[in-house]
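Just below is one structure, and these are the notes that go with it.
We did not get these values from a lab; they are worked out from the coordinates using the rules stated. The model shown is predicted, which means the values in this text are computed figures rather than measured ones. Cβ placement follows ideal geometry from the backbone for every residue including glycine, while neighbour counts extend to all protein chains displayed.
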Amino acid sequence: MGGVLLGSALLGIDTVPMEGVDLQALDTEFDLRSKGYSAVAVVSFGYRSDEDFNAKIPKSRLSEETIFSKA
């Protein structure tokens with residue numbers, strides 16, 4: 001998956017791995033099992049819009065002290 005994400009970025013294509021996907025539903029919908037395949041991950045591909053107001057908003061991040069502990 002990392003190769004797909006990196007390769008797409010080099011081609012100017014935006015990608016994002018998706019969580020919470022029902023992989024068994026994908027197997028069923030596309031009849032993957034009968035073809036010898038099984039879904040293991042989902043990646044969406046696309047191009048960002050110049051009209052996307054969210055792209056220009058500064059991202060907020062939690063401080064390192066909040067995320068990491070010295071346990």
Counting GluC sites (Glu not before Pro) as exposed when in a DSSP loop with at most 11 other beta carbons within 10 Å, what is the longest stretch of the chain free of them?
20-50
Taking 0.36 nm per residue of separation and subtracting the Cα-Cα distance, what length does fully extending Gln24 through Ser38 add?
4.2 nm
About its Cα centre, the stretch 2-48 carries a charge dipole, from +1 on Lys and Arg Cβ atoms and -1 on Asp and Glu Cβ atoms, whose size in debye to the nearest 20 is 180
Which trypsin sites (Lys or Arg not before Pro) in the chain sit in a loop by DSSP (not H, G, I, E or B) and have at most 10 other Cβ atoms within 10 Å of their own Cβ?
Lys59, Arg61, Lys70
So what is the calculated 222 nm ellipticity per residue for the chain, using -39500 (n - 2.57) for each DSSP H run with n of 4 or more, over all residues, to the nearest 500 deg cm²/dmol?
-7000 deg cm²/dmol
For the chain, with +1 on Lys and Arg beta carbons and -1 on Asp and Glu, the positive-most of Gly36, Asn54, Leu5 along the dipole:
Leu5
If N is the residue count of the stretch 2-48, its Cα Rg over 2.2 N^0.38 Å rounds to 1.34
